[in-house]
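The values are calculated or read from the model by the stated rules, or taken from the named source; none is laboratory data. From a predicted model like this one, the values you see are computed outputs, not experimental measurements. Positions of Cβ are generated from backbone atoms using ideal geometry, with glycine treated the same way; all protein chains shown enter the neighbour counts.
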Amino acid sequence: MRIATWNINGMRARVDYVQHWLRAVDPDVVGFQELKMEDEKFPHDVFSELGYSVVTHGQKSWNGVAVLSKRPAEVAQRGLPGQEDVGARLLSVKVDGMTFITVYCPNGKTVEHEDFQGKLAWYDALTAYVEANHAPDEPLVLTGDFNIVPEPIDSWNEKKLKGHIFHTDEERQRMSRLLEWGFTDAWRATKPDEPGHSWWDYRAGAFHKRMGLRIDLVLVTQPLAARIDDVHISRDWRKKVEGLTPSDHAPVWVDLAD
C-alpha cells in the first residue's frame, strides 16, 4: 500500500501536474494541502477518471485539504475542533482499516507576529484531538504540511535559521509531543542521515541552491510503522513537467507492506 502527502499550492494551477504524478507514482491514498478553492470547485471528475474517490474540506482562495483514495473513504472529521476560525486545515477519513488524517498546519509568519502564538495553540488543539480520539496502538496516519522543521538535519542551514520560524524550540516541542504520544516519523525512522528536504522557496534560486526544509511529513503509529518498506521524497516532482509549473513542495510517499 502506498500512502502520500503533497502541498500542491493551489489545485487550480496544479491539476494537470498532479495528474502526471498520480499516473507515475500511483498512490493508494494521498492527502493534499493548500487547495485554495471551495469544495464545489474541486475537480472531482478529473480524479474520479483516474480511479480515486475524493473527500475535500476547502475554502475560497486559502488553505484547504483533500484526500484521494482508491478505496471508499468515510469522513471522520472536517476541521480541527475549536480552531475553525483558522481555516480549513484538517480532514480525517477512515479507509481500508485505518484512519488517515491530513493537515495543513498554520505557518506562523514570524516569531514576533501574533500568528505565531496562534500556531502554537493550533498544535496544542491538534495534540488534544489526537489524544481524545485515537490510541497509539491503532493504525493511524497523520500527514501533511506541518510548517515545522523537526530536527537540525531537516534544515538547509540550522545554524543560520535556529530560533527563526519553523526552527524554534516552541514549535519543536509541539512536534515532540506528537512523537512521544506514539507517532513515528516515517522518513527519519528509515533514513536517519538524509535531510529529505521537501520545500524550497520559489525565490532566490532556492531549489537549485538546495536551500530546502523538510516540513512535509508522514507520521504513523506502530502498527503501520512496522510495515514501512520505503519512504520517498523526489526532487523530480519539484521540477517542471512538460512545461507545467510545480508546487514549491515535493510530494512525500511511503510504501507499506501488505
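Observations
Condition check ((1) assigned to a helix (DSSP H, G or I); (2) within 24 Å of Leu90 (Cα to Cα); (3) touching a helix residue (DSSP H, G or I) at 6+ places or on another chain (Cβ under 7 Å)) across all residues:
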site	(1), (2), (3)
Ile153	yes, no, no
Ser176	yes, yes, no
Ala189	yes, no, yes
Asp229	no, no, no
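- Hits in segment 131-150 - residues which are within 16 Å of the chain's Cα centre (by Cα) and either part of a loop (DSSP other than H, G, I, E, B) or at pLDDT below 95 (or both): Phe146, Asn147, Ile148, Val149, Pro150
- Subset of segment 1-48 that is among the aromatic types (Phe, Trp, Tyr) and part of a helix (DSSP H, G or I) - its residue that is surrounded by the most Cβ atoms within 10 Å (Cβ to Cβ): Trp21
- Meets criteria (under 20 Å from Phe146 (Cβ atoms) and not aromatic (Phe, Trp, Tyr)) for Val67: yes
- Count of residues meeting criterion [touching a helix residue (DSSP H, G or I) at 6+ places or on another chain (Cβ under 7 Å) and not in a loop (DSSP other than H, G, I, E, B)] in segment 234-251: 3
- Taking the listed residues Gly144, Gly87, Gly97, the one that is buried (at least 21 other Cβ atoms within 10 Å of the Cβ) and on the phi > 0 side of the Ramachandran plot is Gly144, with no other qualifying.
- Filtered residues of segment 48-78 (kept if of a type in the set (A, V, I, L, M, F, W, C) and more than 19 Å from the chain's Cα centre (by Cα)): Leu50
- Cross-chain or 6+ apart pairs with Cβ under 8 Å, segment 47-68 first and within 21 Å of His20 (Cβ to Cβ), then in a helix (DSSP H, G or I) and of a type in the set (Ser, Thr, Tyr): Val54/Ser48
- Residues in segment 193-234 that are touching a residue at least 24 places away in the same chain (Cβ under 8 Å) and at positive phi were compared, and the one that is surrounded by the fewest Cβ atoms within 10 Å (Cβ to Cβ) is Arg210.
- Some residue of segment 113-135 being closer than 22 Å to Val231 by Cα and among the aromatic types (Phe, Trp, Tyr): no
- The residue that is farthest from Arg177 (Cα to Cα), among those in segment 107-130 that are of a type in the set (Asp, Glu) and in a helix (DSSP H, G or I), is Glu114.
- Checking each residue in segment 56-82 for being closer than 14 Å to His44 by Cα and assigned to a loop (DSSP other than H, G, I, E, B) picks out Gly58, Lys70.
- Condition check for Arg177: of a type in the set (D, E, K, R), surrounded by 15 or more Cβ atoms within 10 Å (Cβ to Cβ) and either more than 17 Å from the chain's Cα centre (by Cα) or closer than 18 Å to Tyr123 by Cα (or both): yes
- Candidates Glu138, Glu84, Glu151, Glu131, filtered to the one that is under 19 Å from Gln33 (Cα atoms) and acidic (Asp, Glu): Glu84
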